[in-house]
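Before any comments, here is the structure.
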Amino acid sequence: MAYWIHSHREERRLKRELEITLEKLEGFKNPKIKLEQYVTPTKLAAFILTQAKIFEDIDIVVDLGCGTGILAIGAALLGGDSLGIDVDHEAVSIAKKNAEKIGVNVDFFVCDVKDFCCKKEVTTIMNPPFGIQKRGADRPFLKKALEISKVVYSIHSAGSEEFVKKVASERSFKVTNVWKFKIPLKRTYSFHEKEFKEIAVEVFRLAKLK
Ligand code: SAH
């Protein structure tokens, strides 16, 4: 397996370097609650991207609901041919500026996830809306990702494992990895009382069955 050709030391170094670079990105200026706009914490983004690199999944990478671009830009930093789409034009314009600032080439487009299509089989790395504001908001993302990808990395709120496994098996995919984290969410919206709130999330790697 690709994993064994890398040392843990090399893995830690790669993750750390990514974190340092991704820290420089701008977040949402005017986050829209309806769209569940939260930036993936840098450490979590770096972890997922490092795993994707180890699994040799970074080739053509699509970030569905890219927001300000952290996952697509991170994938480009690791050598991927990256593309990000988001329904919010303000987010897309920040993402474009972020890519420019870091000096990587990423195509960012304004597009609704349900309207997106691509001809090549890709790796999707995404942090979709969790469906807290609008129940089931993560579904079109998972559906689209499984339609266009050979491998998918996706972040969901804790307790999504059964749902993700079911959707995967219906579409001839297998959940190969589940990583569980508690992530600090910065206070983005005024109705949050504390500066930071911790939430439990699950990160899935899904691979198409041969
Ligand atoms: N992927 C980014 C942002 C995560 S927040 C990151 O990791 O930091 C979820 C993103 O999904 C938001 O940017 C939101 O604008 C976008 N989004 C919500 N509904 C969408 C839809 N129907 N089509 C495309 N993007 C959508």
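The values are calculated or read from the model by the stated rules, or taken from the named source; none is laboratory data. Since we're looking at a predicted model, the values are computed, not measured. Positions of Cβ are generated from backbone atoms using ideal geometry, with glycine treated the same way; all protein chains shown enter the neighbour counts. Side chains are part of the model used for accessible areas, which takes the heavy atoms of the whole protein and leaves out ligands, DNA and RNA. Shrake-Rupley method; radii C 1.70, N 1.55, O 1.52, S 1.80 Å.
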Condition met for VAL110 (more than 7 Å from the ligand (Cβ to nearest atom), at negative phi and among the aliphatic types (A, V, I, L, M)): yes
Matching residues, the range 93-105, being touching a residue at least 24 places away in the same chain (Cβ under 8 Å) and not in a loop (DSSP other than H, G, I, E, B): ILE94, ALA95, LYS96, LYS97, ASN98, ALA99, LYS101, ILE102
Per-region count, the range 70-82, residues open to solvent by 10 Å² or more (accessible area, probe 1.4 Å) and within 13 Å of the ligand (Cβ to nearest atom): 1
When residues of the range 118-152 are limited to those that are part of a loop (DSSP other than H, G, I, E, B) and near the ligand (Cβ under 9 Å from one of its atoms), the one modelled with the lowest pLDDT: LYS134
Every residue from the range 159-194 that is at pLDDT 95 or above and assigned to a loop (DSSP other than H, G, I, E, B): ARG171, SER172
From the options LYS43, LYS34, LYS53, LYS15, residue that is of a type in the set (Lys, Arg) and more than 20 Å from PHE204 (Cα to Cα): LYS34
